[in-house]
Amino acid sequence: MIRCCELLSEFEKTGKRTLQFATNFIEKLESPPEGREKEFAEAKEKLKVFKEIAAKLVAKEKEEAPKRQAALLKDLQKKEKLLQMFKKRGLEFRPEIDFVNFREFEWTMLDVNFPHRPTTRVDFEAGSDILEWPLMLQYPETAQTDLLTECPETYTIETLIQPVLEQPAEWDRNHAFKLPNIRVFIALDIFDDEQIKEISLDDTLGNVISNKDYLIVQGLPVIQIYTKNYIASKLAPVEGKIGIYKFKKV
């Protein structure tokens, strides 16, 4: 009996089952057989300790239950609003997100995790309808990346990337990647996955990620930045499609 309560008290957070077991065991020890009065009395005292501790946990659990329920409701309301914002903007995700069934939605579906960086995800301020995104900048011709956080969807691409490109990175000693020298693209999720679409520096992040055939993978929008010299030598416009390019065959 005592060992059972010991195990329950170690692994149970609420104390409910420990309290129930300790109470039942104490009742069973009320009528000891002749000659075992001392043994039963000692066992009862030990069980009373477990019962007292468990009773405090149960009381605390009961006291905090309304706060937890309120926090859960607030979380569900935030999930519902966020998914409706996604739906309104016509966003597409991989893995696919069900915008209707917000109760089954998990925040981990949007969590962006990289080594040595805190987890980040899309968010919005209370009372606001502006989404703030993490944003990855890819430089495919150099196999480099930058990760931005808290990028408002209302900001233009130029506004977001200008501070990053203002000074040359360690891997860009000649400062080839500066605004006058670059053009920006997004990858399209279509049958020919080598096609990319040019986007304007004046376009907002929100409009960019709402593009047809653009997928947000694991909650992280990605844009690609190329130098104009690289584009001239490696990319060719797709006939009949404005702003669509594909890589030249070697």
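Taken together, the values in this text are just the output of simple stated rules run on the coordinates, not laboratory data. Keep in mind that what you see is a predicted model, and the values were worked out from it rather than measured. Neighbour counts are summed over all protein chains in view; Cβ atoms, including those assigned to glycine, are modelled from backbone coordinates with ideal geometry.
Principal-axis analysis of the Cα atoms of the chain puts helix 37-89 at an angle of about 20° to the longest axis. In the list [x] 76, 49, 31; [y] 52, 43, 38; [z] 100, 38, 33, the label attached to Cα extents along the principal axes in Å as derived from the coordinates here is [z].
Database remark: amide H of residue 235 closer than 5 angstrom to the amide H of 248 (H placed geometrically; neighbours at sequence offset of 5 or more, or on other chains; Pro and chain starts carry no H).
State the Cα centre-to-centre distance between segment 189-238 and segment 83-106 in whole Å. Using only Cα atoms to place each centre, the spacing works out to 22 Å. Close amide H partners of residue 217, meaning residues 5 or more places away or on another chain with modelled amide H under 5 Å apart, are 94.
When the chain is treated as a GNM with alpha-carbon contacts under 10 Å, the residue of 211, 24, 229 showing the greatest mean-square fluctuation is 24. As a proxy for reagent exposure, 57, 73 were ordered by neighbouring Cβ count within 10 angstrom, fewest first; the result is 73, 57. What is the helix-to-structure angle for 2-11, meaning the angle in degrees between its Cα long axis and the longest Cα principal axis of the chain, kept from 0 to 90 and rounded to the nearest 10? Roughly 20 degrees between the two axes. With θ taken as phi - 60° and the Karplus curve 6.51 cos²θ - 1.76 cosθ + 1.60 applied, the whole-hertz 3J(HN,Hα) list for segment 213-218 is 6, 9, 10, 9, 9, 6 Hz, x standing for glycine and proline. Filter 79/212; 88/246; 74/197; 81/212; 28/56 down to the pairs with a C-alpha to C-alpha distance above 28 Å, please. Checking Cα-Cα distances, 88/246; 74/197 exceed 28 Å. Counting only alpha carbon atoms, the long axis of helix 16-28 and the longest principal axis of the chain meet at about 10°. The HN-Hα couplings worked out from phi for segment 152-166 by the Karplus form 6.51 cos²θ - 1.76 cosθ + 1.60 (θ = phi - 60°) are x, 5, 7, 7, 6, 4, 4, 4, 6, 9, 4, x, 6, 8, 4 Hz, whole numbers, x standing for Gly and Pro. For segment 220-234, the Karplus equation 6.51 cos²θ - 1.76 cosθ + 1.60, evaluated at θ = phi - 60°, returns couplings of 10, x, 10, 10, 10, 10, 10, 7, 5, 5, 5, 4, 4, 9, 10 Hz by residue, with Gly and Pro reported as x.
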